[in-house]
Amino acid sequence: MKKNLIFDLDGTLWDSTKQISIVWQNVSKDYNINITEEIVKSIMGLTAKEIVATLFNGDLSTGYEFVTRCQKCENFYLSLHRRKYICKFHQHH
């Protein structure tokens, strides 16, 4: 049996920027920083180290804590809403 995995980083199949922005905005409230959708777009594709340098001016401890929380929350959020987005994809293709 063959198993396949589709990896979509650039939004070809689904652009998750808006959903990711919602998650990052919610997490950012605990860190007193303002994350906009434009900021999320500007850091998408960067490494965690680059994101920390951009958002936290070298505060590695806080920055990595923030990025880790965002990643966990993204995965949780997307798992809750995955069916909704998969169905939208199938409707358009």
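Projecting label points 7 angstrom from Cα along Cα→Cβ for Ile33 and Lys2 puts them 4.3 nm apart. Legend: calculated FRET efficiency, Tyr77 to Leu46, from the Cβ-Cβ distance at R0 = 22 Å, rounded to 0.05, equals 0.65.
Where a number appears in this text, it was derived from the coordinates with a stated rule and is not lab data. Quick caveat: nothing in here was measured; it's all calculated off a predicted structure. Virtual Cβ from ideal backbone geometry, glycine too; neighbours counted across all protein chains shown.
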